[in-house]
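Colleague: Would you mind keeping the following structure in view while I ask a few things?
The values are calculated or read from the model by the stated rules, or taken from the named source; none is laboratory data. Computed from a prediction, not measured in an experiment: that's the story for all the values here. Positions of Cβ are backbone-derived with ideal geometry, glycine not excepted, and every protein chain shown enters the neighbour counts.
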Amino acid sequence: MSNYGQKMKRRLAGILVIIAVLSPVSLIRGEDISREYAQWRACRDNLKTNSSLVLYYTMEEGAGNKVKNLAEGGIKGIEVEGISFKRTSLLNGDIKGAEWVKESHIPGKYCLSLGGNGARMFVSGLPAEINNLPQKTLMVTLKVLGQGTGTACPGCGRIIDKENDTYNAGWRLWISNPANNAKDKFRLQYNHNFTEKGGSWFAQNLLEFHKWYTVAMTYDCTSVSNVPVFYINGEKAGTGWNEGIRGTSTDDSTIELCFGAMGKEAVYWPLWALVDEIAIFNRVLADKEIKDLYGGEWYK
């Protein structure tokens, strides 16, 4: 090839690189996806190696009735009847009555639509990594669409549920109706059961239906004097609570972990929402970590 031909080839390659950078669509692994989606994927791949991450669902599947747990750090495997199961296999979730939609806060990405009619996702089995966590951070990106159809608590819906059906063991992260059948707002709330008297706390910020939020909650249940901390889009929210908690944290090792409703088989407390990402960490993340996750690795 002549010198002129080589120069033109290099110039053309440079132009193609500039087009790829400036274009709103990138080509990754043969897929046409938005540039924002490509950036998010890179952050996802970084986050999933965090050693404190127990569960990480990104709802990218877009089909079928399984979602994969992407968490890689921490425990290497679980021995069950002599067979070693990797966490990504054992902790996969089963979807019931949900719908895949491309309505994520990330353009071009799938998310899971829970219709508020009992559709939910549950973790298969009772893996030890999610039982009796002394500390935890829960983080979810979701858009609440309205009040579910449940009758147990009108206007309420369970985001992450590990509470028994008699409300005396385990815990739940949920949304509540802030005031007498409010039609356009909801409140983030957390309940934790103790052996003598449990606690219920709520974020003082009222949130609106039909808006995307990344919500988080940290809690250390080793002392009744500890209080959960709520975060809305990376910023700490005020906390309200009831007093008089007594005893020790109850055993939740026989209670299945569910998302979008109460329990694997029940249809109570259904959540009507689009759910984009769910993560559970086995420690209390610091304020800066929550903010950084929202502003970088998690949300954008």
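Colleague: May I ask you to list the residues in the stretch 221-247 that are modelled with pLDDT under 95, hydroxyl-bearing (Ser, Thr, Tyr) and closer than 23 Å to residue 142 by Cβ?
Modeller: Correct list: 239 only.
Colleague: Hey, can you tell me all the residues within the stretch 127-157 that are at pLDDT 90 or above and more than 18 Å from residue 220 (Cβ to Cβ)?
Modeller: Passing the criteria: 140, 141, 142, 143, 144.
Colleague: Given the conditions (1) within 18 Å of the chain's Cα centre (by Cα); (2) at pLDDT below 95; (3) closer than 29 Å to residue 291 by Cα, and given that residue 124 satisfies all but one, which numbered condition is not satisfied?
Modeller: Unmet for residue 124, out of (1) within 18 Å of the chain's Cα centre (by Cα); (2) at pLDDT below 95; (3) closer than 29 Å to residue 291 by Cα: (3).
Colleague: May I pose another question? Can you tell me which of (1) within 21 Å of the chain's Cα centre (by Cα); (2) assigned to a loop (DSSP other than H, G, I, E, B); (3) more than 20 Å from residue 115 (Cβ to Cβ) is the one residue 210 doesn't meet?
Modeller: Unmet for residue 210, out of (1) within 21 Å of the chain's Cα centre (by Cα); (2) assigned to a loop (DSSP other than H, G, I, E, B); (3) more than 20 Å from residue 115 (Cβ to Cβ): (3).
Colleague: Could you tell me whether the stretch 191-207 includes any residue that is in contact (Cβ under 8 Å) with a residue 60 or more places away in the chain and buried (at least 17 other Cβ atoms within 10 Å of the Cβ)?
Modeller: Taking every residue of the stretch 191-207 in turn, at least one turns out to be in contact (Cβ under 8 Å) with a residue 60 or more places away in the chain and buried (at least 17 other Cβ atoms within 10 Å of the Cβ).
Colleague: Restricting to the stretch 34-43, and then to whatever is touching a residue at least 40 places away in the same chain (Cβ under 8 Å) and under 15 Å from residue 108 (Cβ atoms), can you tell me which residue is surrounded by the fewest Cβ atoms within 10 Å (Cβ to Cβ)?
Modeller: 39
Colleague: Of the residues that sit in the stretch 187-207 and are of a type in the set (Ser, Thr, Tyr) and assigned to a strand (DSSP E or B), which one is modelled with the lowest pLDDT? Lay out the reasoning, then the answer.
Modeller: At the first step, the residues of the stretch 187-207 found to be of a type in the set (Ser, Thr, Tyr) are 190, 195, 200.
If we keep only those that are assigned to a strand (DSSP E or B) as well, we get 190, 200.
On the way: 190: 96, 200: 93.
That would be 200.
Colleague: Identify all residues within the stretch 42-59 that are under 12 Å from the mean Cα position of the chain (by Cα) and among the β-branched types (Val, Ile, Thr); write none if there are none.
Modeller: Within the stretch 42-59, 54, 58 meet the criteria.
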